[in-house]
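Student: Structure provided below as structure tokens; questions to follow.
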Amino acid sequence: MAHLLRGKQSGIQNDLSAGILPDFFNPDDLARFGINSQVSCLAYDPVQSLLAVGTKSSQYGPGQIYVFGRQRVQVTLPLLRSGASAVTLLFVAEKLVCLTSKHEISVYSLELRKLLASHSLPGVVTAMCTDPMLDYALLGLQTGELLAYDLDRQTLAPFRIPNLWLQVDPKARTCAIVALQYHPRDIGTLLIGYTHGAVIYSFKLAKAMRFFQYEIPRGAPGGDGDPATMNVIRRPRLMQATWHPTGTFIMTGYDESSIVFWDTLKDGRMIMARTLTDTNIANPGAPMATNSMSDAGMMAVKEPLFRVAWCANQDPEDTAIVIAGGQSTKSPMKGLTLFEMSRTPVYATSTWESLIRYFDSPKRQRVLPTPPGAEVVDFCLIPRSTPHFAGAHDPLAIVALLSSGELLTLTFPSGMPISPTNQLHPSLTFVHPYLKHINAAQVSRERWLGMTERRQQGPPILRGGVEAAGRIRRHESRNIIQTTHADGVVRLWDVGHGDEIENDKVVQVDVQRAVGHFDNVEVTQTSLAGASGELAVGLRGGELIVFRWGSNKSTGREPSAPGPNQVGALTNVSDRIEPSLSEGLIPATLLDQRDGPVTAVNMSDVGFVAAGFEGGSVVVIDMRGPAIIYSASVHDFSKGHKGGSSRRGAGGGVAPKPEWATQIEFSVMMLDGDDYSSILLHIGTNIGHLGTFKILPDPSGRYTVQYVGSVALDNRIMYMAPINADSGKPASASQSAVSSLRAGLRVHGVLLAVTPTSIHIFRPATAKGAHKSFDSFFCDAAGIARYQDQSQALIGLFGDGNARAYSLPPLREIASRNLTNILDVRRQSDAVITPTGHILGFTGPSELALLNIWGVGEPLPRSQDRLFNPEALIPPRPTISTVQWVTGTQYITPADMDVLISGPDRPPSQRMIAQQAAEAEEARRAGRAGASRQATAAANAAAGGGLSEEGYWAYMQRQVQERTEKLGLVGDSMENLEQNSASWAEEASKFVGRQKRGLVTGLVKAKFGL
């Protein structure tokens, strides 16, 4: 009976939820966007042009692997063991190899997009190394031993290298392998980095060729420059080891930030020991390290070397070194350190002094800066074409992994930041930097197809993969998400409906440049007008910026320094445009209210934008000027609201609480008591007041805002929606509705308002209407969703983890589904429910789930995107030089490495086994077909035996005829042979005659001197 009364009280005579049954409310899990947990490792394949990202296992999600390609190509590969995290990722031809925190090696097929094999290793693995030309992964153990895993045979190979450092120090107990790298030109030589030192191992000779031990003598400052240890011989712990691109030198890095360069061809001597700032640190009496002491006289600690890479340009002799770590904790600038070494001196003609000067004074040294408060713990180079030289040949960019788990992309070697917009997959933008807030808007398909920004960009980073074709759903408005990030960037892109996305480009808005400063810029609210394409952005500093679609007339030119923003007035910011942007969302106007953070904003389709601030002020701007047409405080209408009240427990004598706007909506409908429709503005506050205003045209040509009335609800207003009481469709202030006001449009509308504890439906401005309370749970997010363009229902996400659907206007619960296995209950208040019946909710700090509430309960589908391109071939591996070959260096091929590692008794490969099985199956089928033919012939013979002698003579006649035909064919062949022989003899006679005539003619000419 209560639901019947609510229909009459709300002013809605029709059942707007007719036809919606409980079985219809069964959410489908459509897609995931973002990264489920903290990023732990990266890998890039320049041949397939794919980027792999591994994550840690955490409370937000299991460890898994993401493989990204061009546009929206994305494949997720789960780890086999629960609780495992991805530690190292490496691409090897058509495979992806992962080393997990559980010391398991997992091999995935890029072609099949699935796990091929997983092997639990006998020991703690501390390093892994592969080569694109080999089917093996070398595994360094904590004990110092080295194993080889056969990626193709999916088993451990018999090859094993014992702890070679025991030959130098037999007493070394804990001597783990921390670095492994093949020689860049000689695949038969391996660099092994132990914690005690480095070793060069030869597969050809099966023994260690050279040992490198870094020892700091007494009186030398070393890497840390600690005066307390200068009188002691020190042997720092090795952290990194890498080859020079030509293999002439090696570089080792240590935990006290020392960087040491060694010779590998002559006597293996140490050429130079240095840090990022000081040189000759292993020489007794050298000066103290720069910045080793802080201003207070305390020791300045240096970071360990997290990662080093010796890069080569197009010419392998022209090199550069990228270093992560090694900086002082007191350094004012954090980031990657780049040594541009220029061309390497000719080794055969260079003296030791010239080599020392080369490593002592690089051509250029600088820091590639990173955001403050975070340090680079790992990085991934993006080579242009070849995977050789340890993936460090001619890189065009660097993807850095920060200690916070965020990503940063920089150009190489300039170090300029690269925006991930339309360069990386939208999921990677969630951690580039971290995602803060989301919102969604409905934009027509035609409008969104035209919103493709033009921007100057470098070469694409990801070009691999092919996106799977989705089902076409073109005639529906697109769900355009607005994501705000920690660096003040807002991105707009189409999340789709689980269908084919026609415009997959991302639109970027640089809020920092528009506001005029680059520090403390945090976006709190966004609102996109789907019809006009205008975007309103509210900041924590109290600024409101409106962007419009337009063109940049000064593309490529840096604008002049921005002037100051006018406080409390509008500032024209149309000149604060990114120089690289040619067409896109251009900043139009800025309001600096200076009344606390922006708490609510709404950009209407008809040119009005309204914003509320934490200080209580509300401002309405008409973008036709632009001009401020209303500025007041929410206290003006909340003190003496008219009409009934739905507040429970309201009493006097209590000091007023701070109040600000939390929800703003524009509508076109008739107010209670009016017989004409008006443009209305509804403002809800944090303590439950809901005020209604009329926006009326003024004789001067401008618009005015008039207060009409307000009601008091029981709690913070978190959602509002104007509804047409006759059809159930939105009664929003659309362009068609406003243009029809002159024709006398009459919209019988109601306003639906949701608080954490109740739902209210009433005729604005002051009618009491109907309401429903939630007794045992709180509502975190709400929205009206339509079902097949026929019926409407109110969808809510609640604190108990359930999603519920309520009918309109009875407010009766239709169905309930538990979503705790998908959504993070703690972030349900940030979820968005779209009118198309989709939920965009957080599953963790940086991952979103897209659900379709009108589904059949389908789980998350497996990606059908293709990753592997068989036509993309791996270039040949660089080999030893001619001089090395002439001087006696033995060249080892990858085929030779197969014999050296697996021996002559290597089991057949998986492809060979599959081919043998296919051939055996084909032979069985052929055998069955032959037996069937023989059985048929026997049956025919048995049946023909009953035809007496007539069948026998017919059989003899057929045999004689077949033999006669074969003899005829033989005769024809002999005739052809005779003709060919005669033709050959004739041609030979002609050739001999020509030769005789030529000989006679030559003798005659010679006789007469011709």
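The values are calculated or read from the model by the stated rules, or taken from the named source; none is laboratory data. Computed from a predicted structure; not experimentally measured. Note that each Cβ is placed from the backbone with ideal geometry, even for glycine, and that neighbours are counted across all protein chains shown. For the accessible areas, the whole protein counts, side chains as well, though only heavy atoms, and no ligand, DNA or RNA atoms are used. Shrake-Rupley method; radii C 1.70, N 1.55, O 1.52, S 1.80 Å.
Student: Kirkwood Rh, Cα Rg: Rg to Rh for the stretch 156-256? It would help to have the intermediate numbers written out before the result.
Tutor: On the way: Rg = 15.0 Å, Rh = 14.7 Å.
On the Cα set of the stretch 156-256, Rg over Rh gives 1.02.
Student: Right, here's the next one. On alpha-carbon atoms, Rg over Rh for the stretch 77-163 using Kirkwood Rh?
Tutor: 0.93
Student: Right, something else. Between T351 and K266, what length in nm is gained on full extension when 0.36 nm per residue of separation is reduced by their alpha carbon distance?
Tutor: 29.4 nm
Student: Oh, and also: Would you calculate, for the chain, the mean residue ellipticity at 222 nm contributed by helices, counting each DSSP H stretch of 4 or more residues as -39,500 (n - 2.57) and dividing by all residues, to the nearest 500?
Tutor: So the calculated ellipticity at 222 nm is -5000 deg cm²/dmol.
Student: What pairs in K171/K363; K436/K768; K334/K363; K694/K729; K114/K505 have C-alpha atoms more than 32 Å from each other?
Tutor: Where the Cα-Cα span goes over 32 Å, the pairs concerned are K171/K363; K436/K768.
Student: Another question, if that's okay. Tally up the carbon and sulfur contribution to the accessible surface of the chain as a whole percent, 1.4 Å probe, everything protein left in place.
Tutor: It is 52 percent, rounded to a whole number.
Student: Mind listing the Cα extents of the stretch 404-538 along all three principal axes, in Å, largest one first?
Tutor: 43, 37, 28
Student: Taking R0 as 45 Å, what's the FRET efficiency between D15 and T555 from their Cβ-Cβ distance, rounded to 0.05?
Tutor: Working: r = 55 Å, r/R0 = 1.23.
Efficiency computed from Cβ-Cβ geometry: 0.20.
Student: Here is a follow-up. For Q566 paired with E871, estimate the spin-label separation in nm (one decimal), with each label point 7 Å from Cα along the Cα-to-Cβ line.
Tutor: Label-label distance for Q566 and E871, simple model: 5.9 nm.
Student: Here is a follow-up. For D23 and Q154 in the same chain, what is the full-extension length gain: residue separation times 0.36 nm, less their Cα-Cα distance, in nm? Please list the in-between numbers first.
Tutor: Numbers: separation 131, 0.36 × 131 = 47.16 nm, distance 4.73 nm.
Difference between extended and current length: 42.4 nm.
Student: Long-range amide H contacts for G616: which residues qualify at under 5 Å (H placed 1.01 Å from N, peptide plane, sequence gap of 5 or more or a different chain)?
Tutor: A661
Student: Still on this structure, I have one more. If you line up the Cα atoms of the stretch 750-797 on their principal axes, what length do they span on each, largest first, in Å?
Tutor: 30, 28, 12
Student: Give the long-range amide H neighbours of A627: residues separated by 5 or more places, or on another chain, with amide H under 5 Å away, using H modelled in the peptide plane at 1.01 Å from N.
Tutor: Counting only residues 5 or more places away or on other chains, the set is D622.
Student: What Kirkwood hydrodynamic radius, in Å, does the stretch 148-210 give when the mean of 1/r is taken over all pairs of distinct Cα atoms and then inverted?
Tutor: Averaging 1/r across every pair of different Cα atoms and inverting gives 12.8 Å.
Student: Going 7 Å from the Cα of N280 along its beta-carbon direction, which residues of the stretch 341-365 have the amide nitrogen within less than 16 Å of the resulting point?
Tutor: 352-362
Student: Moving on. Calculate, in nm to one decimal, what K436 and S580 gain on full extension: separation in residues at 0.36 nm each, minus their alpha carbon distance.
Tutor: Full extension from K436 to S580 adds 49.3 nm.
Student: Let me ask you something else. Which one, V495, G607, G844, is farthest towards the positive end of the dipole of the chain when Lys and Arg carry +1 and Asp and Glu -1 on their Cβ?
Tutor: The Cα lying farthest towards the positive end belongs to G607.
Student: Evaluate the distance, in nm, between pseudo-label points positioned 7 Å from the Cα of R343 and of A926 along their respective Cα→Cβ axes.
Tutor: In this crude spin-label approximation the distance works out to 6.2 nm.
Student: For q = 0.10, 0.11, 0.13, 0.17 Å⁻¹, what log10 I(q)/I(0) does the stretch 18-160 give under the Debye formula with an equal point scatterer on each alpha carbon and no solvent?
Tutor: Calculated log10 I(q)/I(0) at the listed q: -0.38, -0.44, -0.58, -0.92.
Student: Calculated FRET efficiency, S82 and I913, Cβ-Cβ r, R0 35 Å, to nearest 0.05? Each step should come with its number before you reach the end.
Tutor: Numbers: r = 31 Å, r/R0 = 0.87.
Step by step, r from the Cβ atoms, then E = 0.70.
Student: Tell me, what does the Kirkwood hydrodynamic radius of the chain come to in angstroms if you use every pair of distinct C-alpha atoms? Could you put the intermediate results ahead of the total?
Tutor: Working: mean 1/r = 0.0292 Å⁻¹.
Evaluated on the chain, it is 34.2 Å.
Student: Whole angstrom only: what separates the Cα centroid of the stretch 496-512 from the Cα centroid of the stretch 541-603?
Tutor: Each part's Cα centre sits 21 Å from the other's.
Student: Take A895 and A468, extend 7 Å from each Cα along the Cα→Cβ direction, and tell me the distance between the two endpoints in nm.
Tutor: Taking the simple label geometry, A895 and A468 are separated by 4.0 nm.
Student: Quick query: amide H of S257 versus all other amide H atoms, modeled in the peptide plane; which residues come in under 5 Å with a sequence gap of 5 or more or a different chain?
Tutor: L305
Student: So, one more: Would you please give the FRET efficiency between R742 and S414, computed as 1/(1 + (r/R0)^6) with r the Cβ-Cβ distance and R0 = 56 Å, to the nearest 0.05? Before the final figure, lay out the partial values.
Tutor: Working: r = 58 Å, r/R0 = 1.04.
The formula returns an efficiency of 0.45 here.
Student: Roughly how big is the chain's charge dipole about its Cα centre, with Cβ charges of +1 (Lys, Arg) and -1 (Asp, Glu), in debye to the nearest 20?
Tutor: 440
Student: Here's a follow-up. Hey, what do the phi angles of the stretch 142-151 turn into as Karplus ³J(HN,Hα) couplings, whole Hz, using 6.51/-1.76/1.60 and θ = phi - 60°, x for Gly and Pro?
Tutor: 5, 7, x, 7, 10, 10, 10, 9, 7, 5
Student: In whole Hz, what ³J(HN,Hα) sequence does the stretch 574-579 give by Karplus (6.51, -1.76, 1.60; θ = phi - 60°), x for Gly and Pro?
Tutor: 5, 8, 8, 10, 5, x
Student: Residue by residue through the stretch 392-404, which ³J(HN,Hα) values in whole Hz follow from phi under the Karplus form 6.51 cos²θ - 1.76 cosθ + 1.60 (θ = phi - 60°), with glycine and proline marked x?
Tutor: 10, 9, 6, x, 9, 7, 10, 9, 9, 9, 8, 5, 7
Student: Take the Cα of R817, step 7 Å along the line toward its Cβ, and report every residue of the stretch 18-46 whose backbone nitrogen sits under 14 Å from that point.
Tutor: Of the residues in the stretch 18-46, 21-31 have backbone N under 14 Å from the label point off R817.
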